[in-house]
Each structure stands twice: as structure tokens, then as C-alpha cells.
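Beneath this line is the structure, given in C-alpha cells, with notes to follow.
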Amino acid sequence: MQDRYTFEYAIIRFVPKVEREEFFNVGVILFSKQKKFLGIKYHINQDKLKAFSTDIEVQMLENYLDAWQQVCKGEPQGGRIGKMELSDRFRWLTACRSTIIQSSKTHPGLCGDPNKTLEEIFKQCVL
């Protein structure tokens, strides 16, 4: 088991009308403290978006998710949150919120390659 590392992940959801609690999955965020990894992968299905809401533009969602990606990478565009430790950034991104972009509860697991695991979860839960 020395080649396996703990990780946590959450599914990123688009919730067009928060009061209705309807959503569809748009991405995955994955964190592994031991591997010093924090990654995000997302895709917006435009057909689902149109079915859920005609008021929301794809570009606006892309901008929100791009901001999450900047925080994950720890880039200057991530602001103060982007300067925090990896674990703090993950906790901030996966905190409960009532906006149109939300995350599921976090789920634990074991993996050898966090990037590969992120891709697998993404394919399973988003695509």
C-alpha cells in the first residue's frame, strides 16, 4: 500500500435556481495532501444548461469555474484564497454555499496517481 495515497474529492455542480435545488454535475475537484496535489477538471454541457436555464450564459459559468481553477493552481488571479495552503484552498472551494456553483460533500479514497484518478472520476460523474 506504499504506492497508494489518500485523497478527497467533491463533485462540482451547477445549480441554476438554488431555491429549487436542481443541479447537474459540471466538474470534479480532487485533493491529496501526501502528493501535494489540488486539481480541478470541468466541462459544461451546453444542451443540459439550456434545458435547466435559459437565463445563464455559458461564458459566465466558464468565468466562475476558471476562478476556481486559478485558486486550485495558487495563481495570483486566485486572490487571497489562491495564496493559502493547498488544504485550505480545497476546504474553501468545497465549503457549503448557496450559489449557482456548488460542490457535493467530500468523499475519501486511495490512489496511486491523483491526476489519473481525477480524470477517472470526471469521466464517471460528469461526462
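Quick check on the stretch 35-45. Is at least one of its residues out of contact with any strand residue (DSSP E or B) (no Cβ under 8 Å at 6 or more places or on another chain), under 24 Å from Tyr5 (Cα atoms) and assigned to a helix (DSSP H, G or I)?
no
So that you can scan it fast, the table gives a plain yes or no per residue for (1) under 20 Å from Gln124 (Cβ atoms); (2) out of contact with any Ser or Thr (no Cβ under 9 Å at 6 or more places or on another chain); (3) not acidic (Asp, Glu):
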site: Ile40; (1), (2), (3): yes, yes, yes
site: Gln69; (1), (2), (3): no, yes, yes
site: Gly82; (1), (2), (3): no, yes, yes
site: Cys96; (1), (2), (3): no, no, yes
> Quick check: is even one residue across the stretch 86-93 over 16 Å from Tyr9 (Cβ atoms) and either modelled with pLDDT of 90 or more or aromatic (Phe, Trp, Tyr) (or both)?
Replying inline: yes
> For Gly27, all conditions in the list (1) touching a helix residue (DSSP H, G or I) at 6+ places or on another chain (Cβ under 8 Å); (2) part of a helix (DSSP H, G or I) hold save one; what is the number of the exception?
Replying inline: (2)
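The values are calculated or read from the model by the stated rules, or taken from the named source; none is laboratory data. For clarity, every value in this text was computed on a predicted model and none was experimentally measured. Cβ atoms come from the backbone with ideal geometry, glycine included; neighbour counts cover every protein chain shown.
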